[in-house]
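The values are calculated or read from the model by the stated rules, or taken from the named source; none is laboratory data. For clarity, every value in this text was computed on a predicted model and none was experimentally measured. When we count neighbours, we look across all protein chains shown, and the Cβ atoms used for this are built from the backbone with ideal geometry, even at glycine.
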Amino acid sequence: MELKEVLRHRRSARQFKPDPIPEAVLEELLSYAPWVPNHHVSEPWRFVVVTGQSLRELASLRRQAVLEKRAGQPTAAARAERAEREFLEASAVIVVIQSVHPDPVRAREDYAAVVMATYNIMLVAWDGGIASYWHTGPLVTDERVRTWLDLDAAETPVAFLRLGYPVEVGVSRRTPASERTRWRR
Ligand SMILES: Cc1cc2nc3c(=O)[nH]c(=O)nc-3n(C[C@H](O)[C@H](O)[C@H](O)COP(=O)(O)O)c2cc1C
């Protein structure tokens with residue numbers, strides 16, 4: 001696919017086919033992640049690729065995290081079950097983790113780089129017919145998830161990237177950049 005076509009037509013996918021993504025393909029997607037602009041070339045990321053039994057564990061933790069966050073709400077159980085099912089239906093979840101620098105300016109710059117690294121994975125995936133969905137939500141701060149991921153105190157998850165071959169691709173809309181642009185000549 002042409003780069004412009006990938007940029008314009010990549011969409012988040014909610015539903016995935018059951019087909020597994022070969023590990024070699026996941027490795028290839030990840031190989032593009034570090035090739036982003038990165039001030040000080042700090043490489044503030046690491047990745048955890050979650051499949052199989054581990055994905056079932058993470059899905060269950062997600063259900064618990066959503067259930068607790070929505071405790072008392074009438075839709076809590078349904079939302080939690082859906083959250084678990086979403087992860088179970090993915091072929092893999094890549095957790096993108098940032099090592100957070102104590103200097104807030106460095107941490108902010110590093111976050112920008114980690115986001116771009118995540119987007120590289122999404123774009124290369126799309127180029128290969130694989131869709132993704134970026135999740136944050138209660139998983140990011142959940143203590144059991146932090147322990148499960150073996151995060152140290154300075155690390156934080158930036159993305160739980162659900163990946164798979166899409167059943168259908170959503171539609172999305174954007175305001176043309178020209179409407180948000182002011183030229184000063
Ligand atoms: C930093 C970040 C966090 C996100 N977190 C969530 C999330 O927790 N739940 C969710 O449904 N979508 C999440 N998304 C995905 C967006 O909802 C999605 O990209 C948006 O709907 C636009 O759709 P598109 O990717 O198909 O253009 C997140 C996206 C980003 C960049």
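Observations on the model:
- Among the residues making up the stretch 126-165, a single one is β-branched (Val, Ile, Thr), more than 10 Å from the ligand (Cβ to nearest atom), touching a residue at least 24 places away in the same chain (Cβ under 8 Å) and part of a loop (DSSP other than H, G, I, E, B): Ile130.
- All conditions in (1) away from the ligand (no atom under 16 Å from the Cβ); (2) under 17 Å from the mean Cα position of the chain (by Cα); (3) loosely packed, with under 14 Cβ neighbours inside 10 Å hold for Ala24, with the sole exception of (2).
- Helices (runs of 4 or more DSSP H) contained in the stretch 16-115 and holding at least 1 residues under 16 Å from Thr156 (Cβ atoms) and touching a residue at least 60 places away in the same chain (Cβ under 8 Å): 52-69
- Some residue of the stretch 86-107 being more than 16 Å from the ligand (Cβ to nearest atom), modelled with pLDDT of 95 or more and in contact with a His (Cβ under 8 Å, 6 or more places away or on another chain): yes
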